[in-house]
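To start, the structure under review is shown below, and the notes come after it.
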Amino acid sequence: MAAASSLFLASSPISTAARNRAGPGSAASFPSSARPSLRLRQRPAPAAVQADHQPAVAAAPKPPALPFRVGHGFDLHRLEPDLPLIIGGINIPHDRGCEGHSDGDVLLHCVVDAILGALGLPDIGQIFPDSDPRWKGADSSVFMREAVKLMQEAGYELGNLDATLILQKPKISPFKETIRANLCDLLGADPSVVNLKAKTYEKVDSLGENRSIAAHTVVLLMRK
């Protein structure tokens, strides 16, 4: 694995523009008769992103060549009115969305942290700090692609992933397969090794009162 201090993003160009707010009748809303579809992603950059767009990663020791590594990720975001609700890269119709420095995608942030944890690397908040204006409004697929690149450089591939969303509203079942398909695409993984569940919080605390949304993820990385 290359030294962490020399990492660079070889993924899509990063848009620093804030994501448009989704409102009634906007293009981001899904008609009741339509199936949700994946959001368009930018073409991969033809060359590496310039040095001033490198993620801030402190030097870390090379992980030992274990046959497998396990990582756990957790994330929670406050829900606020007039923001788009992005889960797993999919815009979900709702009257509020996740507050965050980037697009507030609680599921992708959680998956990234699980992969970084399995590799023994700093968490997403250290690599892509919310104090850095470069990540303002950024699409979380940028973070996912960097985590997958780190995994591959370390000589590992995804064994399997199990994720659980925790939210009271909205119901995720109509969008679950679309979210899972996008996860598989970002991870370069077969659907048979990516599992997604959704739970309510029985109207308890901020999660149950529809004031926040959380996610847990466990990943198994296998040595290539």
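The values are calculated or read from the model by the stated rules, or taken from the named source; none is laboratory data. What you are looking at is a predicted structure, and each value in this text was computed from that prediction instead of being measured. Cβ coordinates were reconstructed from backbone atoms using ideal geometry, including for glycine residues, and neighbour counts include every protein chain displayed. Side chains included, ligands, DNA and RNA excluded: accessible areas come from the protein's heavy atoms. Shrake-Rupley method; radii C 1.70, N 1.55, O 1.52, S 1.80 Å.
If I filter the stretch 69-119 down to residues being more than 16 Å from Met144 (Cβ to Cβ) and β-branched (Val, Ile, Thr), which single residue comes out as nearest to the chain's Cα centre (by Cα)? Out of the qualifying residues, it is Ile92.
If you go through the stretch 186-205 and keep only what is surrounded by fewer than 16 Cβ atoms within 10 Å (Cβ to Cβ) and either in contact with a strand residue (DSSP E or B) (Cβ under 7 Å, 6 or more places away or on another chain) or in a helix (DSSP H, G or I) (or both), you end up with Pro191, Ser192, Asn195, Lys197, Lys199, Asp205.
Inspect the stretch 154-175 for any residue being in contact (Cβ under 8 Å) with a residue 40 or more places away in the chain, of a type in the set (Lys, Arg) and in contact with an Asp or Glu (Cβ under 9 Å, 6 or more places away or on another chain) and give the result as yes or no. Checked against the condition, which is being in contact (Cβ under 8 Å) with a residue 40 or more places away in the chain, of a type in the set (Lys, Arg) and in contact with an Asp or Glu (Cβ under 9 Å, 6 or more places away or on another chain), the stretch 154-175 yields at least one hit. Taking the condition closer than 26 Å to Leu207 by Cα and surrounded by 23 or more Cβ atoms within 10 Å (Cβ to Cβ), does Val142 pass? Taking the combined requirement at face value, the residue does not satisfy it. Restricting the first member to the stretch 184-202 and to residues that are among the aromatic types (Phe, Trp, Tyr), and the second to residues that are crowded, with 17+ Cβ neighbours inside 10 Å and not in a strand (DSSP E or B), the beta-carbon pairs closer than 8 Å and six or more apart or on different chains are Tyr201/Leu167; Tyr201/Gln168; Tyr201/Leu207. Of the residues making up the stretch 121-135, those that are open to solvent by 50 Å² or more (accessible area, probe 1.4 Å) and closer than 19 Å to Leu158 by Cα number 1. Checked against (1) at pLDDT 95 or above; (2) closer than 28 Å to Leu83 by Cα; (3) in contact with a Ser or Thr (Cβ under 9 Å, 6 or more places away or on another chain); (4) open to solvent by less than 40 Å² (accessible area, probe 1.4 Å), Gly208 passes all but condition (1). Scanning the stretch 160-180 for residues that are surrounded by fewer than 16 Cβ atoms within 10 Å (Cβ to Cβ) and either within 12 Å of the chain's Cα centre (by Cα) or of a type outside the set (Lys, Arg) (or both) yields Asn160, Asp162, Ser173, Pro174, Glu177.
Which of the residues that make up the stretch 126-151 are of a type in the set (S, T, N, Q), out of contact with any Asp or Glu (no Cβ under 6 Å at 6 or more places or on another chain) and under 23 Å from Ile179 (Cα atoms)? The answer is Ser141, and nothing else. Looking across the stretch 84-101, the residues that are more than 17 Å from Ala198 (Cβ to Cβ), open to solvent by 20 Å² or more (accessible area, probe 1.4 Å) and not charged (D, E, K, R) come down to Gly100, His101.
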